[in-house]
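Worksheet: the structure to be examined is printed underneath.
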Amino acid sequence: EKALTAATNALPYLGLHDSVEYVGMQQCRACHTEIYESFIKTGMGESWGHATPSKSAAFYNEHSTVYDSINNFYYKPFFRNDSLYIKEYRVADNDPKDTLHQRIQYVKYIVGSGHHTNSHILEENGYLYQAPITFYTQDQKWSLAPGFDGGFSSRFNRIIGMECMSCHNHYPEFIEGSENKYLQVKTGIECERCHGPGEVHLKRKLAGEVIDTAQYIDYSIVNPAKLPDRKTQMSVCQRCHLQGVSILKDGKTFEDFKPGMHLSEVMDIFLPEFDGPETSFIMASQAHRLAKSQCYQMSEMTCMSCHNPHKSVRTTERSFFNNKCLNCHTDKGELALKSKNKEGTSCPEPLANRIKINNNDCSGCHMPESPSIDIPNVRVTDHYIRKPLTEAQKKEVENFIGLVAATDRPPSDYTTAKGYLHYYESYSAEPANLDSALYYLKKSGVKNPLLRLEPLVHAHYLKGDMAEVRKAAKLLDIPLIQDGWTAYRLGEAFLQNKAYETAEKYFKQALEKIPLQLDFNNKMGICLSRQNKFDQAAKYFEDVLEENPNFVSALANLGFAKMNMGEMKSAERLYKKALSLNPDHVTSLVNLAGVHAMKQELQQARALLERSLKIQPDHARAKEMMRQLRKAI
């Protein structure tokens, strides 16, 4: 790592210095107008925008409704004037005209160029969340967003953190101390993501400095094609087209990579590997798939050998890509096979067959459109260039082998352990992945308790083994945690064990690291409520709701605090608001039933308890309250 950093520091590119600022693509436009006008029509240029009719690639009619059958919610997107909304609703089983629940959410942004998808982003006071439905343009259909099917829908609560934002959009003005709050958000990937910060370049050009770039390199800005080696060139593309499990180096953020660096200076990236025909891959893993190809291994090709980043692939003729293939696969090409056909190429398929099968499209045969394992309803170009698979090969069962490091040097066993933990959370919640994480952690031999604690706590927390999480805390003589999420997980483990004072100490540490993490604040309030410190707890819940008024759990918890403070009307209002946002929130149902019971409104209380037990049949408090109600009625 030190050698890589030294190599970067030795590069003469001025934009690599931390003091150099980004200037924005409008400054680039002034001198590079033609390139700008072309680039903003590419997938990168159109990656993020305001949710307007012109940005949307979707249709809006009676076929736009999406039904989440597991959670029993319908979603209907619609425009009102130029503003996009999503209506979530539920209807009665015996009368579809009887609406039992309705919630309308304003959509601020659309993410995706429309080549494959349009997904939808909500904003609450600067906090960004993903909406539960996506439009899949290739199949012209609305459906649940990736990761929201199979009962895993988080409805309107999936946070858009910097890892997501830093590839799907240009760098925003991120509010430190949060995970998903932004002061300002750009609309599309900009020039400086591939060319580096432009402040020095702009100042020099305005001062009249001219460099003949046909003969010399202009070191005030990065031209990726002129970077000194293939690893450095590929790192520019890999930053977003090598998505899998990204593990940041200590002290690094997702904004720290700059063109001219090696990506492994900032992060290690892991991708799942499968046996058999190897057709399973993550959508944005083009760089990794390309590296498997003999074309890549037997030449010095890069992504830019075939792609012009300033021009949209949608408006590029197929012949452009075919000609790239023929540059090598001919008599004079460096990759041509020894046996040639009469056209002078290395393809063994007769020309007539090639025209009949695929209109003589090289990439169509050797880089077919394929589904990905992480994004449903899309087909993407598989950049693993190889002979077409036989029908028998296509039917072979593929098995997950393990994670492979996709960056340019092998990661440590310690980092690999973290990779398996994040792979479990993001892609595959298989217990074997947690076992692999613990195996690599043990193999790493890391003795430093602060370093060992983070992945150890994370693994046992994901296993649901809170006793082991509490046991891990004993690794430290002084429980001073450096990572906010580790502190939070320790707090949760002690909270569940009713060790409230210890839990409170850990939640405080978590909030010191990430003070605007709303779940942390909410959990601290719960911890204080369990200690009957309702006035202190209420302050935390109120802080959460000031940041996000639609935070359902905080509404319910504040209601509980208010009820214990004797403010019954406030409690009832808060419970009802929580249920207007989530009619299945059991805590609100049970607590509101308690309010009605105290007011001797026993039938209303019973109806609420019946609803809660239908959702969660084993809810102990609801069962006990129902037993008491039956005696009273």
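Out of curiosity, is residue 468 open to solvent by 40 Å² or more (accessible area, probe 1.4 Å), assigned to a helix (DSSP H, G or I), farther than 27 Å from residue 249 by Cβ and touching a helix residue (DSSP H, G or I) at 6+ places or on another chain (Cβ under 9 Å)?
Yes; evaluated as a whole, the condition is true for this residue.
Could we say that residue 555 is in contact (Cβ under 8 Å) with a residue 60 or more places away in the chain, open to solvent by less than 50 Å² (accessible area, probe 1.4 Å) and more than 21 Å from residue 250 (Cα to Cα) here?
In short, no.
I'd like to check which helices (runs of 4 or more DSSP H) are fully inside region 311-421 and have at least 1 residues that are at pLDDT 85 or above and more than 30 Å from residue 439 (Cα to Cα).
Ranges flagged: 318-326, 362-366, 391-394.
I'm checking my understanding of the structure. Among residues of region 391-418 that are open to solvent by 70 Å² or more (accessible area, probe 1.4 Å) and β-branched (Val, Ile, Thr), which one is nearest to residue 237 (Cα to Cα)?
Per the stated criteria, the residue is 401.
Those residues that are open to solvent by less than 60 Å² (accessible area, probe 1.4 Å) and in contact (Cβ under 8 Å) with a residue 40 or more places away in the chain, I need them from region 490-536; list them, please.
Answer for region 490-536, where residues must be open to solvent by less than 60 Å² (accessible area, probe 1.4 Å) and in contact (Cβ under 8 Å) with a residue 40 or more places away in the chain: 514, 516, 517, 518.
Looking at the structure I just gave you, is residue 115 surrounded by 14 or more Cβ atoms within 10 Å (Cβ to Cβ), at negative phi and either modelled with pLDDT under 95 or more than 24 Å from the chain's Cα centre (by Cα) (or both)?
Considered against the rule, which asks whether it is surrounded by 14 or more Cβ atoms within 10 Å (Cβ to Cβ), at negative phi and either modelled with pLDDT under 95 or more than 24 Å from the chain's Cα centre (by Cα) (or both), residue 115 comes out as yes.
Return the pair list, or none, for Cβ contacts closer than 7 Å from residues in region 379-399 that are in contact (Cβ under 8 Å) with a residue 40 or more places away in the chain to residues that are outside any helix (DSSP H, G or I) and open to solvent by 80 Å² or more (accessible area, probe 1.4 Å), at least 6 apart or on different chains.
379/369; 379/371; 380/369; 381/369
What helices (runs of 4 or more DSSP H) lie completely within region 562-633 and have 3 or more residues being farther than 25 Å from residue 541 by Cα?
Counting at least 3 such residues, we get 602-615, 620-632.
Are there any pairs with C-beta distances below 6 angstrom linking a residue in region 612-626 that is under 22 Å from residue 73 (Cα atoms) to a residue that is open to solvent by less than 80 Å² (accessible area, probe 1.4 Å) and in a helix (DSSP H, G or I), with the two at least 6 apart or on different chains, and if so which?
Pairs found: 612/586; 612/589; 612/590; 612/622; 613/622; 615/586; 616/586.
Among (1) modelled with pLDDT under 95; (2) open to solvent by less than 60 Å² (accessible area, probe 1.4 Å), where does residue 477 come up short?
The one condition residue 477 does not meet is (2).
The values are calculated or read from the model by the stated rules, or taken from the named source; none is laboratory data. Just so we're clear, the structure is a prediction, and the values are computed from it rather than from any experiment. Backbone-built Cβ (ideal geometry, glycine too); neighbour counts: all protein chains shown. Remember, those area values only see protein heavy atoms, side chains included, never the ligands or the DNA or RNA. Shrake-Rupley method; radii C 1.70, N 1.55, O 1.52, S 1.80 Å.
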